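I have placed the structure first, in the form of structure tokens, so that the comments after it can refer back to it.
The values are calculated or read from the model by the stated rules, or taken from the named source; none is laboratory data. Remember, predicted model here, so these are calculated numbers, not experimental data. In this analysis, Cβ positions are derived from the backbone assuming ideal geometry, glycine residues included, and neighbour counts consider all displayed protein chains.
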Amino acid sequence: MSKPVLSLQRLVLEDIAAGRPGTETLDRICKLVEEIVPGGLASVMRSVPERGTLVYSNAPSLSPEVLATCGELTPGALSGTCGAAFFERRMVVVEDTSVDPRWQSLRDVAERFGIKSCWSVPIRFDEHTLVGTFAVSLREHAAPTDEQRELLEVAAYLASVVLRVEKAEAATREQTTLLHAVLEGSEDAIFVKDRDGRYLLANRAEARDCGCSPQEMIGKRDGELYGNPLASKAVEGDRHVLETGRSVVHELEVASRHDGVVREYLVRRDPLRDGAGKVIGVVGIARDVTETRRAERALQQAQKLESLGVLASGIAHDFNNLMVGVLGNASLLEDVQQWSDDLGEVVADIRAAAERSVELTAQLMQYAGKRKPERTAVQLPELLREVPHLLGKAFEQSATLEFDFPDELPPVAGDPVQLRQVMMNLILNAGDALAAAERDAGRIQVRAARCQGTMPTGELLPAAPRDTRDWVLVEIADNGVGMDRETRARIFDPFFSTKATGRGLGLAAVLGIIGAHRGCLSVASTPGEGTRFSVWLPVAEVDCVLAPPPPARRGAAGARGRALIIDDEDVVREAAGRLLRKVGYEPVLAGDGASGVDAFARAEGRFDLVLLDLTMPGMGGHEVLRRLREIAPEVPVVLTSGLGEIACREAVGDQVVDAFLPKPFGVHDIEAMVERVRAAKRLHT
């Protein structure tokens, strides 16, 4: 191989190794050939397949006029030396352009610029693919020597190498651009690590949570980017892939350093292999499933609440029926004068225990959403400031209670007693969390704010209406012991408690009350850092006014007539009969709906009061009520149930009911009910 050829080869290899642009290398090949062929003007023409032409790409010594005049060539037998070489797919030598027929169409160009002879070799990628030509033009008539022929062939070959590298680099750039677009356009976090856990690649979604750019992640490990235990979980997942060579899928919870938001990711880690199949790293993709998991948990929680609500409602109903006999009869025994002091204390204890049981049942009913709140305009700042005083000794601790309310906060629509219970429970729980954490500087922050025309945010329970409205947001936050995810998932379940003496009904009742008020709440908590409850309550409407006070109690009156008691529970009928007899009514007892309607019909409606149970086998209370109204619509009917007023009102629809008497009840409740119905002028005086 001649020295000039070796020089050409070395030049091309050095340029490729140095990463020089292909056009620059082709110019250097042309100039080196021109040095080897005295008087020669070297050029490269490239094929334009879509137009079927050849165009000059490199001609460092040809004048711009030559290039502009020649323009594009259409390959053919009479299209000059380059056109003919490309057309005939072989080297073409024209020793005299003035007479050679292949220059017939370019004769004037040759004469104008003094081109006397021209030699051209096709540039090919392979046997079938031509990509251009390499040519030498001279200003004298000449034919190439054997050495010059070899030089042109090598130059054409090296030009093809340069063009192949150029094409590969263009394809690589295109693939890189495409990969970059995919990586940066993906909402999923994508990363690649080596065997030492160092990042080789990361997209913007992956870098977001560590608070840096993708470039800043390169070369770093998880421990340098994320705190424990997240880094430990990631390293454990990588180790499994590297040791087993198998993929692993798991979930991670990430607290973003960028915006503080806690996100949940479904992460898949796969082995990165070299050409020999050896595992050399880990490829991963992490999908943000925060909203998906929230929706799933909300659905599961809603289903759980519904199931437990039905269970709680059923328990409360049966328990309240039984407590009618206990509480009702205990209230009658208290009026007996001849009891000894000891027996009087026993009766008082029975009544106290019964009332405490009724309170627990009421909490179950609140959880089930069966306690209808009064529509009262409640000023939350005033209500919240009462809480520490109402809690009394239960809140005597070193914790600092801080309030933060705006000057003008609109009232919310609700029952002040129930809302006070919500706030007392949440603040008392915050105090317990501080006590469990044994903090010297315990702090409870109570903040309220108006949120206009917005929607509640967070993992909401129960599911909030997805429309914009005005809300009052109350946040109760502590820096106490905090909760893990498993505990947070169960805190609203009835009978679940983290306290040794807890009954597990406080937060269950809170959730039921919030739902009954058409509100919602969310919980954010971190073990060792504290907990924040966010309660959203709708702003009171214009027509929401203070509810009237309950009627005053009064003692038993004289004979008031006959009362029909329709209830399927023996103990309820007997106790209700004694209580009504105590306040001046002659009771008539019916053990089911059909017999009650029959007794009412045979008496032709000559009853002064009907006490009707809602839930009975066979003919239910709603059907009985309809029959009674058909027979004697003027007779007052009082609906009673252990399910709560909401369930009763829904069951009877638009049928008229004169009063509702919740179970269990005592003699004073019967007296108050009679007064309410009398006030409506439906009972005889």
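Okay, residues lined up against (1) surrounded by fewer than 22 Cβ atoms within 10 Å (Cβ to Cβ); (2) in contact with a His (Cβ under 6 Å, 6 or more places away or on another chain):
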position: Gly40; (1), (2): no, no
position: Ser47; (1), (2): yes, no
position: Ser57; (1), (2): yes, no
position: Leu62; (1), (2): yes, no
position: Glu65; (1), (2): yes, no
position: Glu72; (1), (2): yes, no
position: Gly76; (1), (2): yes, no
position: Glu95; (1), (2): yes, yes
position: Asp100; (1), (2): yes, no
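Just one of (1) more than 19 Å from Val33 (Cβ to Cβ); (2) surrounded by 16 or more Cβ atoms within 10 Å (Cβ to Cβ); (3) more than 60 Å from the chain's Cα centre (by Cα) fails for Arg89. It is (2). Count of the range 363-389 residues, restricted to those that are assigned to a loop (DSSP other than H, G, I, E, B), surrounded by fewer than 19 Cβ atoms within 10 Å (Cβ to Cβ) and at pLDDT below 80, is 3. Looking across the range 616-636 at every residue that is over 25 Å from Arg578 (Cβ atoms), under 50 Å from the mean Cα position of the chain (by Cα) and not aliphatic (A, V, I, L, M), the one that is surrounded by the fewest Cβ atoms within 10 Å (Cβ to Cβ) is identified as Gly618. Checked against (1) modelled with pLDDT of 50 or more; (2) buried (at least 17 other Cβ atoms within 10 Å of the Cβ), Cys544 passes all but a single condition, namely (1).
Being buried (at least 19 other Cβ atoms within 10 Å of the Cβ) and touching a residue at least 24 places away in the same chain (Cβ under 8 Å) is the filter here, so list the residues in the range 104-116 that pass it.
Within the range 104-116, Leu106, Ile115 qualify.
The number of residues in the range 643-662 that are in a loop (DSSP other than H, G, I, E, B), under 19 Å from Gly325 (Cβ atoms) and modelled with pLDDT of 85 or more comes to 0.
One residue stands out among those in the range 188-227 that are acidic (Asp, Glu) and in contact with a strand residue (DSSP E or B) (Cβ under 7 Å, 6 or more places away or on another chain): the one that is farthest from Val267 (Cα to Cα), which is Asp194. The one condition from (1) surrounded by 20 or more Cβ atoms within 10 Å (Cβ to Cβ); (2) out of contact with any Pro (no Cβ under 6 Å at 6 or more places or on another chain); (3) more than 20 Å from Val262 (Cα to Cα) that Thr244 does not meet is (1). Remark: Gly132 falls outside the filter, which requires a residue to be of a type outside the set (Phe, Trp, Tyr) and surrounded by fewer than 19 Cβ atoms within 10 Å (Cβ to Cβ). Has the range 663-678 got at least one residue that is out of contact with any Lys or Arg (no Cβ under 7 Å at 6 or more places or on another chain), small (Gly, Ala, Ser), at pLDDT 90 or above and under 30 Å from Ala354 (Cα atoms)? So far as the range 663-678 goes, no, none of its residues is out of contact with any Lys or Arg (no Cβ under 7 Å at 6 or more places or on another chain), small (Gly, Ala, Ser), at pLDDT 90 or above and under 30 Å from Ala354 (Cα atoms). Any residue at all in the range 612-623 that's touching a residue at least 24 places away in the same chain (Cβ under 8 Å) and touching a Pro at 6+ places or on another chain (Cβ under 6 Å)? No. Among the conditions (1) assigned to a helix (DSSP H, G or I); (2) crowded, with 19+ Cβ neighbours inside 10 Å; (3) touching a Gly at 6+ places or on another chain (Cβ under 7 Å), Glu166 misses just one, which is (2). Residue count for the range 448-472 under the criterion of being more than 18 Å from the chain's Cα centre (by Cα), at pLDDT 80 or above and surrounded by fewer than 17 Cβ atoms within 10 Å (Cβ to Cβ): the result is 7. Looking at the range 196-219, is at least one residue of a type in the set (D, E, K, R) and exposed (fewer than 14 other Cβ atoms within 10 Å of the Cβ)? Yes. Identify the residue in the range 414-438 that is touching a Phe, Trp or Tyr at 6+ places or on another chain (Cβ under 9 Å) and small (Gly, Ala, Ser) and, among all such residues, is nearest to Ala516 (Cα to Cα). Restricting to residues being touching a Phe, Trp or Tyr at 6+ places or on another chain (Cβ under 9 Å) and small (Gly, Ala, Ser), the top hit is Ala430.
A quick yes/no check of all residues on (1) in the same structural domain as Tyr157 (by TED's automatic domain parsing); (2) modelled with pLDDT of 95 or more; (3) within 28 Å of Leu13 (Cβ to Cβ):
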residue: Leu32; (1), (2), (3): yes, no, yes
residue: Val37; (1), (2), (3): yes, no, yes
residue: Asn58; (1), (2), (3): yes, no, yes
residue: Ala77; (1), (2), (3): yes, no, no
residue: Val92; (1), (2), (3): yes, yes, no
residue: Ser117; (1), (2), (3): yes, yes, no
residue: Phe125; (1), (2), (3): yes, no, yes
residue: Phe134; (1), (2), (3): yes, yes, yes
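When you look at Lys278, is it among the basic types (Lys, Arg) and surrounded by 13 or more Cβ atoms within 10 Å (Cβ to Cβ), yes or no? Full working, then the answer.
On the way: among the basic types (Lys, Arg): yes; surrounded by 13 or more Cβ atoms within 10 Å (Cβ to Cβ): no.
Here the answer is no, as Lys278 does not meet what is asked.
Going through the range 171-210 one residue at a time, which ones are hydrophobic (A, V, I, L, M, F, W, C), out of contact with any Leu (no Cβ under 7 Å at 6 or more places or on another chain) and within 23 Å of Gly227 (Cβ to Cβ)? Scanning the range 171-210 gives Ala189, Leu200, Leu201, Ala202, Ala205, Ala207. For the range 569-615, filtering for residues that are modelled with pLDDT under 90, within 53 Å of the chain's Cα centre (by Cα) and in a loop (DSSP other than H, G, I, E, B) leaves 3. Just to be sure before I move on: is Ala181 assigned to a loop (DSSP other than H, G, I, E, B) and surrounded by fewer than 19 Cβ atoms within 10 Å (Cβ to Cβ) in the structure I sent? Here the answer is no, as Ala181 does not meet what is asked.
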